[in-house]
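A short write-up of the structure that comes next.
The values are calculated or read from the model by the stated rules, or taken from the named source; none is laboratory data. Note that the coordinates shown come from a computational prediction; the quantities given were computed from them, not determined experimentally. Quick reminder, even Gly has a Cβ in these numbers, built from the backbone with ideal geometry, and neighbours come from all protein chains shown. Accessible surface areas use protein heavy atoms only, side chains included; no ligands, DNA or RNA. Shrake-Rupley method; radii C 1.70, N 1.55, O 1.52, S 1.80 Å.
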Amino acid sequence: MSDYVKLKSGTDIRGRAIASDSEPAVLTKEAVADFACAFALWLTRRTGKPRCKIAVGRDSRLTGEEFSKTVISALRNFGQEIYDCGLFSTPASYLVTKFPTIAADGSIMITASHHPSHINGLKFFTADGGVNSSELDEIIALASAGEKPPVGAHSTVVKRDCLRLYCDALTDTIRKGTGLFLPLKGLKIAVDAGHGAGGFFATRVLQPLGADISPSQFLEPDGNFPAHSPNPENKEAMESLKNRVLETGADLGVIFDADVDRCGVVAADGTEINRCALIALAAAIILPEHPGATIVTDSVTTEGLRTFIESRGGVQLRFKRGYRNVIDEAKMLCDSGFDAPLAIESSGHAAFAEHYFLDDGAYFIAKILIKMSDLRRQNRTVTDLISDFAMPLDEADIRLKFTCSDFRVVADKIIERLTGISERMLKISSDNYEGVRAYIPHAAAYFIVRTSVHDPVLPIYIESEKEGGVLSAARFLYSFLRGFRGLDCEPLERFIAEREPERTEEYSSDDADFSEADAKYAFETTDDVIEQNEADKNI
């Protein structure tokens with residue numbers, strides 16, 4: 001019996017697949033085989049079918065091909081009908097359950113999204129969508145117990161270009177949405193696949209629609225990800241695409257993560273559209289089709305985004321971080337009679353109700369391209385759609401790593417105590433569903449402190465409408481967080497040190513009260529907490 005619970009990451013299985021000198025691999029071929037068998041058993045029980053159709057795909061990760069062979073080999077012993085899809089995308093892994101010529105009962109996608117090359121993972125799908133957290137717990141329990149389906153009399157393995165069906169569906173969507181056979185003729189589009197699985201979007205979707213894809217880069221699959229992290233949230237990745245767009249005169253830049261369930265874009269003028277700006281763009285596209293609708297987002301969004309959505313007649317519902325959380329909340333609203341056509345995370349996961357509530361980066365880009373076709377006739381661009389979206393005057397994203405194995409215990413203690421302080425001193429947001437989101441009046445700053453869904457990390461987001469407000473909030477948080485054992489505050493300390501000269505010069509003569517307020521809010525009020533932290537040997 002194995003304990004695979006630690007490999008659970010949200011609704012995925014994820015872990016180190018390539019050993020280093022100091023760390024062994026935890027997602028081994030044995031573990032992958034156990035999970036494949038457990039999923040097959042779980043699926044047969046769920047469907048009532050002793051013989052299920054199961055599709056298997058992978059992204060470009062170094063261990064992907066080996067793990068794909070491991071999954072197929074494990075499933076062959078149990079009489080299942082297996083489709084070997086080869087290099088694939090996560091959205092396609094779900095859609096093979098919907099395409100009539102396949103109609104798979106379930107699928108297994110081998111991917112670890114944007115994570116480094118030594119990490120890999122598994123995602124499981126049924127015709128109802130990706131498995132949720134409790135369903136994954138059931139699969140993990142079966143895998144840990146080593147349970148397998150009954151040995152089958154006959155199993156088939158079919159190699160099929162299922163990606164073609166997905167690409168055809170995307171081209172059909174764009175053609176129908178624009179009413180044109182070659183809607184992208186005359187457009188130069190730069191696709192940056194980051195050496196993940198998304199290169200097909202340039203060659204098998206955009207090019208057949210008439211686009212000039214010559215500005216594209218990093219389309220070749222390479223699990224070492226040599227160019228940059230395959231991540232639309234990554235600063236270097238977005239900068240690389242921006243430079244490419246400007247160098248080549250492209251009309252649009254498109255970037256995907258490794259398994260194509262997330263995206264970001266760069267406009268022709270070099271404007272980077274990701275995170276909250278991407279949500280604003282999605283809202284601007286969908287709200288004219290759904291007046292007064294609710295847009296479900298994660299909690300890590302700016303105050304300006306809410307203003308933007310409301311200015312378009314929509315309603316923003318902030319919910320828990322995690323793409324399945326926002327998707328499930330939007331589904332629940334729809335089931336309750338509300339119009340919630342879009343669930344979207346600031347990380348780039350966007351799921352439209354019209355598209356099975358599937359987080360599909362390529363489909364989102366298809367929606368943008370349809371809108372671009374209409375805008376071209378009006379001599380307008382995508383940036384015109386979000387020209388009034390107000391970014392904060394200043395903002396910061398800082399990620400602190402936990403250095404202890406029981407980081408969830410430490411994280412829970414941090415959130416508990418920070419909530420207590422915020423309730424006494426600050427203004428806590430009423431629409432927050434995770435961590436702490438609070439407003440610091442003297443700094444005109446919001447901060448969000450939460451625990452990462454997947455990693456031993458404490459992400460911090462700060463925004464302010466006042467010069468120096470972000471620094472003030474960072475100093476407040478640092479004075480509180482530095483007292484917790486098992487948390488590396490060095491990135492926050494470095495951030496403050498880098499900003500301090502700028503702040504000192506700016507406030508030394510003109511805003512003495514600001515410095516005094518800083519001391520009051522940041523240091524004096526947290527002394528007791530720091531003493532408690534030092535005394536609390538449990539953390």
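Does segment 90-114 hold any residues that are within 15 Å of GLY223 (Cβ to Cβ), of a type outside the set (A, V, I, L, M, F, W, C) and either open to solvent by less than 20 Å² (accessible area, probe 1.4 Å) or assigned to a helix (DSSP H, G or I) (or both), and which are they? Result: THR111, SER113. Checked against the criterion of being part of a strand (DSSP E or B), touching a residue at least 24 places away in the same chain (Cβ under 8 Å) and open to solvent by 50 Å² or more (accessible area, probe 1.4 Å), the candidates VAL157, VAL151 yield just one match: VAL157. When ASP34 is tested against (1) touching a residue at least 60 places away in the same chain (Cβ under 8 Å); (2) touching a helix residue (DSSP H, G or I) at 6+ places or on another chain (Cβ under 8 Å); (3) open to solvent by 20 Å² or more (accessible area, probe 1.4 Å); (4) not in a helix (DSSP H, G or I), only condition (4) is not met.
Of everything in segment 332-356 that's in contact (Cβ under 8 Å) with a residue 24 or more places away in the chain and closer than 21 Å to VAL205 by Cα, which residue is surrounded by the most Cβ atoms within 10 Å (Cβ to Cβ)? Here the residue is ALA350. Checked across segment 498-518, the condition of being more than 30 Å from SER113 (Cα to Cα), modelled with pLDDT of 50 or more and under 30 Å from the mean Cα position of the chain (by Cα) holds for at least one residue. Filtered by the rule that a residue be open to solvent by less than 40 Å² (accessible area, probe 1.4 Å) and either polar (S, T, N, Q) or not in a strand (DSSP E or B) (or both), segment 368-396 gives ILE368, LEU369, ILE370, MET372, SER373, LEU375, VAL382, THR383, LEU385, ILE386, PHE389, PRO392.
Looking at segment 310-326, which of its residues are part of a loop (DSSP other than H, G, I, E, B), closer than 21 Å to PRO392 by Cβ and over 13 Å from the mean Cα position of the chain (by Cα)? Residues satisfying the conditions are ARG312, GLY314. Of all residues in segment 418-439, which are closer than 17 Å to GLY469 by Cβ and of a type outside the set (Gly, Ala, Ser)? MET425, LEU426, LYS427, ARG437, TYR439 - these are the residues of segment 418-439 that are closer than 17 Å to GLY469 by Cβ and of a type outside the set (Gly, Ala, Ser). Within segment 357-367, the set of residues being open to solvent by 10 Å² or more (accessible area, probe 1.4 Å) and charged (D, E, K, R) comprises ASP359, LYS367. Among all residues of segment 118-134, there is none that is open to solvent by 60 Å² or more (accessible area, probe 1.4 Å) and more than 25 Å from the chain's Cα centre (by Cα).
Note on segment 51-62: residues that are open to solvent by 10 Å² or more (accessible area, probe 1.4 Å) and either within 30 Å of SER229 (Cβ to Cβ) or assigned to a loop (DSSP other than H, G, I, E, B) (or both) total 4. Each residue in segment 424-438 was checked for being part of a strand (DSSP E or B), surrounded by fewer than 17 Cβ atoms within 10 Å (Cβ to Cβ) and touching a residue at least 12 places away in the same chain (Cβ under 8 Å), and 1 pass. Sort out which residues of segment 250-276 are open to solvent by less than 50 Å² (accessible area, probe 1.4 Å) and under 21 Å from GLY186 (Cβ atoms), and write them in order of number. Across segment 250-276, the qualifying residues are ALA250, LEU252, GLY253, VAL254, VAL265, VAL266, ALA267, GLY270.
For segment 37-89, the set of residues classified as on the phi > 0 side of the Ramachandran plot and either without any contact (Cβ under 8 Å) to a residue 12 or more places away in the chain or under 24 Å from the mean Cα position of the chain (by Cα) (or both) consists of GLY48, GLY86, listed by residue number. Return the residue satisfying two criteria in turn: it lies in segment 14-36 and is acidic (Asp, Glu) and more than 14 Å from SER2 (Cα to Cα), and of such residues it is nearest to the chain's Cα centre (by Cα). Among those that are acidic (Asp, Glu) and more than 14 Å from SER2 (Cα to Cα), it is GLU23.
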